[in-house]
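Asks: First, the structure itself, so that you have it in front of you.
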C-alpha cells in the first residue's frame with residue numbers, strides 16, 4: 001500500500017492546488033493553476049485549470065499508481081447537479097491520464113479534514129465570506145451562514161470592510177474627524193486621508209468609490225481593520241469583537257451546547273495570527289470549554305486524505321492523517 005498514490009485538489013475562485021502523495025506520506029508532486037471554480041469561471045475554464053494543476057502534480061508519477069482522488073470545491077453541489085460541468089471535470093481527469101474514481105466535496109469539508117481526522121466536529125471559516133458547518137461521519141451535516149455578501153457572511157472580510165466604511169460615513173455625517181481606522185479607509189478608497197472642507201463632498205466621494213466597484217471588493221479593507229485592531233485602535237477593536245461574536249453565533253446555530261468534539265478554524269482571517277483569530281478562539285473557548293481548537297492547513301492534503309481513507313487496506317484513517325496532512329499550530 002505504501003506505493004499507492006492518491007490525489008487531492010483544493011479548488012478556489014483564485015487558485016487551484018493539486019497534490020500527489022503516497023499512503024506513506026511521500027509527496028510526489030504539487031501543482032498550482034488559476035481559479036477553478038466553475039460557478040465563477042465557467043465549467044470549461046475551470047476544468048482547464050484543474051488539468052493544468054493535475055499535470056504539474058503528476059509530472060513525475062505514473063497515473064496508473066493513483067487509486068483515488070478528491071476535489072474540494074466551493075459550491076460542490078452545483079457541479080454535481082450540472083451534467084455539463086461534471087462532464088468537463090471528468091474530461092480533465094481523463095486527460096491527466098487518471099482512470100481511478102474521484103469524489104467532489106465542499107471546500108468546508110476539505111478545510112475541516114485538513115485540520116483534524118475526527119469524524120465529528122465543526123468547521124468555522126472566515127475569509128472573503130463566512131460559513132460554519134457541522135460535520136458528522138466526515139460529511140457536512142448542518143450549515144449556518146455562507147449566504148453571500150448581500151444576505152449574510154457575518155464576521156467575514158467583506159463584513160469587516162463594509163462596517164469600516166459605515167463607521168467612517170457615520171463619523172462624517174456627525175461632523176466628527178475620522179479616527180486612525182477611518183483615515184486608513186479614506187486613503188485606501190480616495191488616495192488621501194484628508195476630509196474636504198465640505199464633509200459631504202468626502203461622503204459622496206466615498207460612496208462613489210465603493211459603489212463603482214463590485215461589492216465583494218470591500219473585503220480588501222479587512223486587512224486595514226485587522227492591522228488597526230492590532231494597534232489597539234478602538235473602532236477597529238470593536239469591529240473585531242463584533243465579528244468574533246457573529247462567527248461564534250453562526251457556530252452555535254449548528255453546534256450543540258457543551259459539545260466536546262473539535263472545532264477547525266479556516267479562512268485567511270482565522271488561520272493566521274490575527275486579532276480576529278484570537279478573539280474567535282477566546283469566544284469559542286468560552287462557549288465550548290472542552291472542545292479542542294485546531295487550524296485548517298493544506299486543503300489539497302486534506303482532500304488527499306479524504307480520498308485515501310476509504311481505500312481497501314486502510315485500516316486506521318486517523319493514523320494515516322498525520323502522514324498525509326502537515327501539522328498545523
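Asks: Just checking, does segment 84-102 include any residue being crowded, with 16+ Cβ neighbours inside 10 Å, outside any loop (DSSP other than H, G, I, E, B) and under 17 Å from the mean Cα position of the chain (by Cα)?
Replies: So far as segment 84-102 goes, no, none of its residues is crowded, with 16+ Cβ neighbours inside 10 Å, outside any loop (DSSP other than H, G, I, E, B) and under 17 Å from the mean Cα position of the chain (by Cα).
Asks: How do the helices (runs of 4 or more DSSP H) wholly within segment 203-305 filter down when requiring 3 or more residues that are free of Cβ contacts under 8 Å to residues at least 40 places away in the same chain: which remain?
Replies: 234-254, 275-287
Asks: Being part of a loop (DSSP other than H, G, I, E, B) and either assigned by TED's automatic domain parsing to the domain that holds residue 81 or under 19 Å from residue 307 (Cα atoms) (or both) is the filter here; which residues of segment 106-163 pass it?
Replies: Residues satisfying the conditions are 114, 115, 116, 117, 118, 119, 120, 137, 138.
Asks: Going by the structure shown, is residue 248 modelled with pLDDT of 95 or more and within 18 Å of the chain's Cα centre (by Cα)?
Replies: Yes; evaluated as a whole, the condition is true for this residue.
Asks: For segment 114-161, enumerate the residues that are closer than 22 Å to residue 19 by Cβ, surrounded by 19 or more Cβ atoms within 10 Å (Cβ to Cβ) and touching a residue at least 40 places away in the same chain (Cβ under 8 Å).
Replies: Residues satisfying the conditions are 114, 115, 116, 117, 123, 125, 127, 138.
Asks: Is it the case, given these coordinates, that residue 165 is modelled with pLDDT under 95, under 24 Å from the mean Cα position of the chain (by Cα) and either on the phi > 0 side of the Ramachandran plot or surrounded by fewer than 24 Cβ atoms within 10 Å (Cβ to Cβ) (or both)?
Replies: no
Asks: Among the strands (runs of 3 or more DSSP E) lying completely within segment 1-55, list those that include at least 3 residues that are without any contact (Cβ under 8 Å) to a residue 40 or more places away in the chain and either surrounded by 17 or more Cβ atoms within 10 Å (Cβ to Cβ) or in contact with a helix residue (DSSP H, G or I) (Cβ under 8 Å, 6 or more places away or on another chain) (or both).
Replies: Details: elements: 5-11, 15-22, 27-34.
Answer list for segment 1-55: 27-34.
The values are calculated or read from the model by the stated rules, or taken from the named source; none is laboratory data. Because the structure is a prediction, the values reported are computed rather than measured. Ideal geometry is used to build each Cβ from the backbone, glycine not excepted, and the neighbour counts take in all protein chains shown.
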